Amino acid sequence: MKYVRIPKERIGVVIGKDGETKKAIEKFSRIPLEIDSEEGEVVFNELEAQDPLMPLKLEDIIRAIGRGFSPEHAFRLFGEETELFIFDIYDYVSKKESHLTRVKSRVIGREGKTKRVIESLTGGTIAVYGHTVAVIADFDSMDIAKKAIDMLLSGSEHPTVYRFLEREMKKLHLGRRLHDL
């Protein structure tokens with residue numbers, strides 16, 4: 001059995017209206033879920049998986065919803081080329097609430113600009129929730145998105161991060177075009 005613990009206030013999102021999200025997850029994964037809303041735990045039997053990668057995908061989807069992603073964004077993780085990465089902001093700052101708020105604000109940016117720039121350039125999706133920043137992206141652009149977020153969490157200036165993103169994504173797209181020749 002696999003146990004995935006998520007914040008209790010996110011359990012309702014895993015279940016969805018009239019159980020729709022839970023049913024959709026079970027349909028795609030072909031693995032039944034047991035949800036303990038008192039403990040904030042989602043349990044499934046990984047031995048029931050027909051696809052050996054499905055338990056890993058399922059765990060990531062549940063964790064992604066737990067970290068603030070909508071089910072629609074989390075369902076991208078059912079794809080072959082997509083992965084989830086979660087930063088713990090406490091790895092970068094002390095546990096003072098003011099530090100946490102300041103660093104979360106750096107990742108989001110004024111009126112959400114920084115988050116939008118990273119998402120649009122990398123094709124990824126970012127969720128800032130609690131003391132974490134999570135990103136869902138394809139394998140190719142994940143390293144670039146992770147580095148950009150790490151730079152922000154470490155205190156780099158926003159223009160520096162934007163230049164890094166533009167430069168690295170140009171390299172990635174050029175490399176893809178050369179590979180396709």
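The values are calculated or read from the model by the stated rules, or taken from the named source; none is laboratory data. These numbers come from a predicted model, not from an experiment. Cβ coordinates were reconstructed from backbone atoms using ideal geometry, including for glycine residues, and neighbour counts include every protein chain displayed.
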Matching option when the condition is at positive phi, surrounded by fewer than 17 Cβ atoms within 10 Å (Cβ to Cβ) and free of Cβ contacts under 8 Å to residues at least 12 places away in the same chain, among 111, 80, 97: 111
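Taking into account only those residues within the range 36-48 that are in contact with a helix residue (DSSP H, G or I) (Cβ under 7 Å, 6 or more places away or on another chain) and surrounded by fewer than 18 Cβ atoms within 10 Å (Cβ to Cβ), which is farthest from residue 129 (Cα to Cα)? Walk me through how you get there before you give the answer.
Going residue by residue through the range 36-48, those that are in contact with a helix residue (DSSP H, G or I) (Cβ under 7 Å, 6 or more places away or on another chain) are 37, 40, 42, 44, 46.
If we keep only those that are surrounded by fewer than 18 Cβ atoms within 10 Å (Cβ to Cβ) too, we end up with 37, 40, 46.
Details: 37: 19, 40: 16, 46: 27 Å.
Out of the qualifying residues, it is 46.
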From the options 170, 104, residue that is over 25 Å from residue 10 (Cβ atoms), assigned by TED's automatic domain parsing to the domain that holds residue 92 and basic (Lys, Arg): 170
Index of the failed condition, residue 165 passing every other in (1) out of contact with any strand residue (DSSP E or B) (no Cβ under 9 Å at 6 or more places or on another chain); (2) closer than 20 Å to residue 69 by Cβ: (2)
Which numbered condition residue 15 fails, given (1) more than 17 Å from residue 149 (Cα to Cα); (2) in contact (Cβ under 8 Å) with a residue 60 or more places away in the chain; (3) in contact with a strand residue (DSSP E or B) (Cβ under 7 Å, 6 or more places away or on another chain): (2)
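Okay, residues lined up against (1) modelled with pLDDT under 95; (2) in the same structural domain as residue 150 (by TED's automatic domain parsing); (3) among the β-branched types (Val, Ile, Thr):
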| residue | (1), (2), (3) |
| --- | --- |
| 57 | no, no, no |
| 61 | no, no, yes |
| 65 | no, no, yes |
| 68 | no, no, no |
| 71 | no, no, no |
| 74 | no, no, no |
| 86 | no, yes, yes |
| 93 | yes, yes, yes |
